[in-house]
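The next block holds one structure in the form of structure tokens; read it before the comments.
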Amino acid sequence: MTALNGVAPAVSTETSPFLQAIVQQIRANDTFGTYRNWNDDLLLKPYVIPKKERREITLDGAVDIATMSRILAFYRAIAARIEIETGQLAQVVLDINTEGFGWAIIFSGRLILVLKTIRDAHRFGFDTIEKLNAEGEKLIQKGVELAKAHAEVCDL
């Protein structure tokens with residue numbers, strides 16, 4: 001993985017299973033093969049939006065489809081990593097209204113593994129690729145701990 005903003009990142013898709021999972025989710029939902037030849041950096045670049053640039057994004061109007069897809073790929077990647085770690089099926093529910101507020105829920109069976117409130121979805125992004133990876137890994141770890149602690153609830 002090369003530098004996204006001219007600086008080589010500390011994590012890459014070669015070293016981060018979570019970043020690999022995001023790339024897989026993006027490519028899996030690419031029905032027309034647009035991203036087939038794109039490198040991983042280019043696919044992850046929309047996730048890296050410095051705070052100053054995020055503030056400039058207007059909150060007027062509905063959340064655009066590209067942003068919604070990016071959010072969904074993020075949470076589906078977390079669910080995929082939880083499935084790999086626990087062997088339990090994990091599903092994602094994303095409910096965001098036109099104003100950019102809502103919920104992301106990852107559940108397995110009758111157990112909620114991850115529950116995140118989403119505010120200002122228009123501005124979804126992270127300062128660096130490292131922060132993207134850290135947030136994903138944190139949510140994965142919490143979900144895995146819950147799934148392992150309550151495995152009987154995950155089984156239907």
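The values are calculated or read from the model by the stated rules, or taken from the named source; none is laboratory data. Here the structure is a predicted model, which is why all the values come from computation and not from measurement. Cβ coordinates were reconstructed from backbone atoms using ideal geometry, including for glycine residues, and neighbour counts include every protein chain displayed.
Residues being within 22 Å of Lys138 (Cα to Cα), buried (at least 21 other Cβ atoms within 10 Å of the Cβ), under 17 Å from the mean Cα position of the chain (by Cα) and modelled with pLDDT under 90 are represented in segment 12-24 by at least one member.
Within segment 92-99, one or more residues are out of contact with any helix residue (DSSP H, G or I) (no Cβ under 6 Å at 6 or more places or on another chain), surrounded by fewer than 18 Cβ atoms within 10 Å (Cβ to Cβ) and of a type in the set (A, V, I, L, M). Screening segment 92-114 for residues that are in a loop (DSSP other than H, G, I, E, B) and charged (D, E, K, R) and picking the one that is farthest from Ile140 (Cα to Cα) gives Glu99.
Of Ala79, Ala151, all but one fail to be over 12 Å from the mean Cα position of the chain (by Cα) and touching a residue at least 12 places away in the same chain (Cβ under 8 Å); the exception is Ala151.
Residues that are of a type in the set (A, V, I, L, M) and buried (at least 19 other Cβ atoms within 10 Å of the Cβ) occur in segment 58-68; there is at least one.
Of the residues screened, Phe101 is not one that is free of Cβ contacts under 8 Å to residues at least 24 places away in the same chain, closer than 18 Å to Gln25 by Cβ and more than 14 Å from the chain's Cα centre (by Cα). Would segment 52-62 turn up any residue that is within 20 Å of Lys116 (Cα to Cα), within 13 Å of the chain's Cα centre (by Cα) and in a helix (DSSP H, G or I)? Checking segment 52-62: not a single residue is within 20 Å of Lys116 (Cα to Cα), within 13 Å of the chain's Cα centre (by Cα) and in a helix (DSSP H, G or I).
Of all residues in segment 25-48, those being modelled with pLDDT of 95 or more and more than 19 Å from Arg76 (Cα to Cα) number 0. Scanning segment 27-41 for residues that are assigned to a helix (DSSP H, G or I) and out of contact with any Phe, Trp or Tyr (no Cβ under 8 Å at 6 or more places or on another chain) returns Ala28, Asp40, Asp41. Look at Ile71 and say whether it is closer than 18 Å to Leu146 by Cβ and either of a type in the set (A, V, I, L, M) or assigned to a strand (DSSP E or B) (or both). No; evaluated as a whole, the condition is false for this residue.
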